[in-house]
Amino acid sequence: MDDPYADLRPSLTQAGFYLPATEDMGTWKRLIVCSNGPPDYKAFGGRSFWVTLIEGIWYVATWCPSYFRLPNSDDLLSLIRDQLADTAGTYDFSAEIKSRYGLIPLDDSEVERILPDGRFEN
């Protein structure tokens, strides 16, 4: 399978952010992005969240978890930069970021349908 994040990785690394893992979720993969990482830190940390590209649509989520669809894929890099540099709480995207990027929240049924957690299925 091609890496849907290949074009994104160099831009984020050059911006000073860290990409510790691409996690296989069964039928889809997510890219974890962090504000801190080696060699300056012993582990990845700081602000973090994840992004995924499914059928040409970008989704972003926090560890809270809060799940959103990003309506304009051209905004992805800017959204990642703004979220990782934000000083608001880390549990969710700030109201300002949600508004600026038009993040569309997903309800539970959409999450189950679009982003099923298949990590533990055989």
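Remarks
- Annotation note: trypsin sites (Lys or Arg not before Pro) in region 1-84 located in DSSP loop regions with a Cβ neighbour count of at most 15 within 10 Å are Lys42.
- Sparse packing (at most 14 other Cβ atoms within 10 Å of the Cβ) combined with a DSSP loop state is found for the following chymotrypsin sites (Phe, Trp or Tyr not before Pro) in region 1-45: Tyr41.
- Radius of gyration and maximum dimension Dmax of region 50-122, Cα, Å: 12.5, 41
- Using θ = phi - 60° and Karplus 6.51 cos²θ - 1.76 cosθ + 1.60, couplings along region 91-103 (whole Hz; Gly, Pro as x): 6, 7, 6, 5, 4, 5, 5, 4, 5, 4, 9, x, 4
- Sites excluded, GluC sites (Glu not before Pro) in DSSP loops with at most 11 other C-beta within 10 Å, longest stretch of the chain: 56-120
- Proximity of backbone amide H atoms, modeled 1.01 Å from N, is registered between Phe44 and no other residue at under 5 Å, excluding neighbours fewer than 5 places apart on the same chain.
Readers should treat all values here as calculations from the given coordinates under stated rules, not as data from a laboratory. Because the structure is predicted, anything quoted here is derived from the model rather than measured. Neighbour counts are summed over all protein chains in view; Cβ atoms, including those assigned to glycine, are modelled from backbone coordinates with ideal geometry.
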